[in-house]
1. So if we plug the beta-carbon distance of Ser98 and Ala135 into 1/(1 + (r/R0)^6) with R0 = 41 Å, what FRET efficiency do we get, rounded to 0.05?
2. Rg and Dmax of segment 93-154, Cα atoms, in Å?
3. Leaving ligands and nucleic acids out of the surface, order Lys208, Lys34 by accessible area at 1.4 Å, largest first.
4. Which whole-number percent of Cα pairs in segment 97-234 have a distance greater than 24 Å?
5. Rounded to the nearest whole Å³, what is the per residue volume of the convex hull around the Cα atoms of segment 173-216?
6. Lys and Arg at +1, Asp and Glu at -1: add these up for the other residues within a Cβ distance under 12 Å of Asn122 and post the number.
7. Using 0.36 nm per residue, how much length does the chain from Ser27 to Glu39 gain when fully extended, once their Cα-Cα distance is taken away?
Amino acid sequence: MFRIPLALLLLLTVGGCGTREVTVERSAERIGTKISSYEDRFGVCWPFELDRTVTGTSPPLGEAGEVIAGFHNHVKRGQTCHTQDSRAYHGVFVFDLSDLRGDAVIAATLRLERRNTPVPINIERAVPSGVVRSALCNLRLRVATESLNAGTTFGEVAAINLRRTGVQQDQSTVAVGVGVTREVQQWVQGRRENFGFVLGPEEGAIDKNENTCTGYWFNPRLEIRVLRAIDPEP
C-alpha cells in the first residue's frame, strides 16, 4: 500500500499558498497534583493485632508552580500483622493550543524541570545474588482523558499510556525532555480532546515495600515546530 510521506502530507494539509516553519514555545496553562492513598493490612491480622497506625514519612507538597510526581510506599511490621501505607502522586500539565488550529505540527517536545523532595529516591530491586537498593527510578508519562478537575477513584486523573519507556530520574535529575509529536498533532487536529499530560508512577509501583520515587516538577512547556501557511500579499 502506497503511503504519502509525512512531510508531503503536512505540506498538503496547510494548503498550496506557501508555508514557513515556525517554532512555538508554550507554557502550561494549568498544573495540578492528584494524590492517591492506598492502605492494606496483610498477614494474620485478626483477632491478634488491631493497631492500624503507620508512621512512614511521605514527601510534602512543593512550592507554588510545582507538582509532585511519583510514589511512596511504607510498611509497618507487626508480629503477625503488617500495614501498608502508600501514596501515588500524579502531576498534571494542561496546555492551550487552540490558536494552532490550521497549523501542521511536525515536531513537539515536552520539557520539564525537577528538584528533589526531602525523601531520597530509594528502590529495591531483585538480582540473582539477592536484592540491591538503587537511587534510580522511572515514572510514566500519560495522556489525560478527562479534565484535571474531574479525577477518578483515589484522586487519579484518567489517562492512557503515552509510550512504553518511562521518564527516568535520580537525585541528580534537573530536567527532562520527552517527544510528544503524535499527541500534540492529535490535539491540534481535533482528533483527541486536549486534557494535557499526566506524570505519575508506573504500573506495579505501589506495593508492600519501602520503595520511594518522587520529585518536584515545574516549568512545564511545549516546544512545537509547525508549518504555517503564508498569507498571500495583497
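1. 0.50
2. 18.8, 57
3. The ordering from most to least exposed comes out as Lys208, Lys34.
4. Every Cα pair in segment 97-234 considered, those over 24 Å come to 42 percent.
5. Here the figure is 118 Å³ per residue.
6. So the surrounding residues net to -1.
7. Between Ser27 and Glu39, full extension yields an extra 0.7 nm.
The values are calculated or read from the model by the stated rules, or taken from the named source; none is laboratory data. Quantities reported herein were computed from a predicted structural model and do not represent experimental measurements. Note: ideal-geometry Cβ built from the backbone for every residue, glycine included; neighbour counts use all protein chains shown. All accessible areas refer to the heavy atoms of the entire protein, side chains included, with ligands and DNA or RNA removed. Shrake-Rupley method; radii C 1.70, N 1.55, O 1.52, S 1.80 Å.
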